[in-house]
Amino acid sequence: MSAVVVLPPDVARKIAAGEVIERPVSVVKELVENSLDAEADSIRIEIEAGGTSLIRVADNGCGMNREDAVLCFERHSTSKIRSEEDLERIATLGFRGEALPSIAAVSLLTMKTSDGGSAAGTLLVLRPGERPEVRDTAFPRGTCVEVRDLFFNLPARRKFLRSETAEMNLIARYVRSIALAHPRTGFFLSHGRRELLHWPPVAGLRYRFIQSQGLEAVGRLLEIGHAEGESEVAGFVSRPPIGRGDKSEQHFYVNRRPVRDRLLQAALNQAFQGLLEKNSHPEAFLFLRHPPRGVDVNVHPAKAEVRFLDSQAVFRLILRSVEQAVRTERGVKIWETSVGAVREGSPAAFRPEEGDAPGKAPAAPLFPNEAADRAPAFRILGQYLETYILVADEEGLLVIDQHNAHEKVLFEEFRRAQASGTMPRKQTLVPLLFDVSPDRSLLLEEHASVLEEAEFRVESLGGRTFSLKEYPDLMTAEEAMSALPALLDDLQARPGEDRMTRLLAGLACKAAVKAGQPLSKEKMEVLVDALFKLPQHGLCPHGRPILLRFSRDEIERGLKRPSN
Ligand code: ADP
Ligand code: MG
């Protein structure tokens with residue numbers, strides 16, 4: 001065997017394609033990188049059968065005109081670099097101009113694209129070895145690439161793919177990892193009819209981090225942030241001495257590109273030297289921003305590895321950034337605006353702790369819309385155990401449960417205000433974020449409008465994280481946050497039950513004065529007066545009795561006093 005032949009272009013193309021496109025996740029990666037380079041703020045990824053039957057990536061980025069759309073399937077055609085020098089300062093994720101021709105060589109590909117100009121959008125249909133079919137199509141600014149039957153013409157490669165589930169797991173892992181570094185871009189990923197990820201665009205890394213890892217991780221980890229010269233490190237690392245049993249959660253990014261890198265790993269380990277429990281490893285999400293001319297990203301076919309021009313400087317930078325946070329146990333305090341730490345003014349509702357001085361009018365209108373009729377005459381005798389209000393009226397003695405009574409009054413008030421659409425609302429001053437379990441997250445999305453009617457406006461940040469935007473002006477932000485879980489349970493009302501009633505009852509319960517709180521005489525008066533004005537005041541909204549009555553008769557008989 002001695003004759004050297006030049007391979008037919010068909011075969012050569014397949015071999016070359018194999019370098020870049022190894023499995024379905026490689027296609028997803030190349031297409032998503034293109035969408036990010038096109039500055040899309042929304043990327044929608046739909047997969048079928050683990051990517052073997054369909055991979056569809058749609059973006060709203062810059063799109064292409066007809067000429068570029070056709071040209072981009074030529075090998076080494078790229079808009080991202082022009083010359084060899086450009087290779088030394090790559091700021092985009094792609095630059096080789098190989099991906100699209102490689103994918104097209106091993107699949108059935110269609111692309112719709114438009115740069116949003118006046119000319120029609122372009123539809124391209126490509127089959128390996130055939131001339132592309134080009135047509136007009138109506139398409140908004142952006143690009144949608146559909147890759148069907150991957151490796152249909154490379155049976156050997158197709159045979160080596162893992163199960164659909166395994167291939168899908170690789171895709172999901174990749175999408176999560178790239179999306180983490182691009183918070184301003186919204187990501188959507190589905191497999192068949194299953195939605196796997198839905199992260200709307202957010203303002204910055206820390207919100208995307210919450211979408212990805214949940215609020216719990218933020219409490220568990222330390223945030224780091226450190227800049228030196230033109231370089232900057234940000235991210236999250238373990239809070240000593242708690243680490244992980246394995247190294248699976250060590251994620252490194254260089255200029256928003258996920259990378260594997262021994263140097264970065266070594267710096268991380270050194271920073272944690274002697275700080276973690278035995279046999280445990282640091283968890284880390286590290287984002288390095290570094291001048292492109294100081295990084296060579298052209299050293300690995302999938303661009304998963306990089307080389308630094310001054311690796312020692314990078315090592316020291318990472319070491320110092322992480323050390324600074326973990327050695328002082330300080331981290332960067334950015335989370336003080338999250339759940340529970342904020343109190344945004346006091347509620348308009350009844351607050352026993354505020355202004356209870358005798359003679360002072362109740363601070364806020366307790367029941368702003370009292371019914372006009374007068375309550376029957378009564379006299380406050382005092383408070384017992386800071387839980388019961390003792391009252392005398394014409395018929396005898398009353399022991400009133402202060403919590404149940406207030407709850408009932410608020411409930412009726414809420415119901416009236418809700419029905420007439422006059423319940424006052426307040427906006428949160430800072431984002432109040434919370435995580436819920438997956439089933440509750442569905443519930444929340446499903447019932448957003450019911451909550452809205454009860455004056456709670458909650459916005460999804462995608463996944464299990466939500467942000468409270470508005471809440472009834474009867475409670476503090478803290479109370480609103482702590483009322484939410486109970487409200488969610490109330491949403492799961494049994495069929496036939498009125499959701500709104502349960503919800504308002506839950507709210508009233510949260511907002512009502514508790515047992516064990518001292519009340520001024522004035523407050524007790526206002527409360528009992530409001531209670532007595534209600535047509536029925538025997539039972540609280542949850543069906544517990546509100547008061548016990550001892551008639552004058554009963555008292556006199558009990559004390560064996562001759563009645564007159
Ligand atoms: P590279 O990304 O290395 O430049 P590709 O083969 O991935 O090479 O893409 C070739 C060219 O096609 C890109 O340089 C870009 O100009 C254009 N392109 C590809 N995908 C998109 C997209 N989603 N939106 C806009 N332009 C795109
Ligand atoms: Mg590319």
Answer residue from the range 477-498, given it is of a type in the set (D, E, K, R) and surrounded by fewer than 19 Cβ atoms within 10 Å (Cβ to Cβ) and is modelled with the lowest pLDDT among those: ARG494
Hey, any hits in the range 178-185 for a residue that's assigned to a loop (DSSP other than H, G, I, E, B) and either charged (D, E, K, R) or at pLDDT below 95 (or both)? yes
In the range 21-51, which residue that is closer than 20 Å to PHE160 by Cα and surrounded by fewer than 21 Cβ atoms within 10 Å (Cβ to Cβ) is nearest to ligand 1 (Cβ to nearest atom)? GLU22
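Listed here are the residues, each with its yes/no results for (1) on the phi > 0 side of the Ramachandran plot; (2) β-branched (Val, Ile, Thr); (3) open to solvent by 40 Å² or more (accessible area, probe 1.4 Å); (4) touching a residue at least 40 places away in the same chain (Cβ under 8 Å).
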{"residue": "MET475", "(1), (2), (3), (4)": "no, no, no, yes"}
{"residue": "SER520", "(1), (2), (3), (4)": "no, no, no, yes"}
{"residue": "LEU531", "(1), (2), (3), (4)": "no, no, no, yes"}
{"residue": "GLN536", "(1), (2), (3), (4)": "no, no, yes, no"}
{"residue": "GLY543", "(1), (2), (3), (4)": "yes, no, yes, no"}
{"residue": "LYS560", "(1), (2), (3), (4)": "yes, no, yes, no"}
Among residues of the range 207-246 being touching a residue at least 12 places away in the same chain (Cβ under 8 Å), over 20 Å from the mean Cα position of the chain (by Cα) and exposed (fewer than 15 other Cβ atoms within 10 Å of the Cβ), the residue farthest from PHE187 (Cα to Cα) is PRO241
Checked against (1) within 26 Å of the chain's Cα centre (by Cα); (2) open to solvent by 20 Å² or more (accessible area, probe 1.4 Å); (3) away from ligand 1 (no atom under 12 Å from the Cβ), LEU108 satisfies every condition except (1)
Considering each residue of the range 545-558, count those that are free of Cβ contacts under 8 Å to residues at least 24 places away in the same chain and surrounded by 11 or more Cβ atoms within 10 Å (Cβ to Cβ), and give that number. 2
Quick check on my filter: what residues within the range 440-473 are under 21 Å from ARG415 (Cα atoms), touching a helix residue (DSSP H, G or I) at 6+ places or on another chain (Cβ under 6 Å) and either touching a residue at least 60 places away in the same chain (Cβ under 8 Å) or part of a loop (DSSP other than H, G, I, E, B) (or both)? HIS447, ALA454
Of the residues GLY97, GLY117, only one is surrounded by fewer than 20 Cβ atoms within 10 Å (Cβ to Cβ) and either more than 9 Å from ligand 1 (Cβ to nearest atom) or outside any loop (DSSP other than H, G, I, E, B) (or both); which? GLY117
What pairs can you find where one residue is in the range 60-83 and away from ligand 2 (no atom under 15 Å from the Cβ), the other is among the β-branched types (Val, Ile, Thr), and their Cβ atoms are less than 8 Å apart, with a gap of 6+ or different chains? ASN65/THR122; ARG66/THR122; ARG66/VAL134; VAL70/THR122; VAL70/VAL134
Where a residue in the range 150-170 is farther than 15 Å from GLU46 by Cα and its partner, wherever it lies, is among the hydroxyl-bearing types (Ser, Thr, Tyr) and outside any helix (DSSP H, G or I), with Cβ under 8 Å and at least six apart: PHE151/THR52; PHE151/SER107; PHE152/SER107; ARG158/THR52; LEU161/THR52
For the range 31-48, check the following and say yes or no: at least one residue is under 37 Å from the mean Cα position of the chain (by Cα), within 13 Å of ligand 2 (Cβ to nearest atom), of a type in the set (A, V, I, L, M) and modelled with pLDDT under 95. no
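The values are calculated or read from the model by the stated rules, or taken from the named source; none is laboratory data. All figures in this text were calculated on a predicted structure; none of them were measured in a lab. Note that we place each Cβ from the backbone using ideal geometry, even for glycine, and neighbour counts take in every protein chain shown. Just the protein is used for accessible areas: all its heavy atoms, side chains included, with ligands, DNA and RNA removed. Shrake-Rupley method; radii C 1.70, N 1.55, O 1.52, S 1.80 Å.
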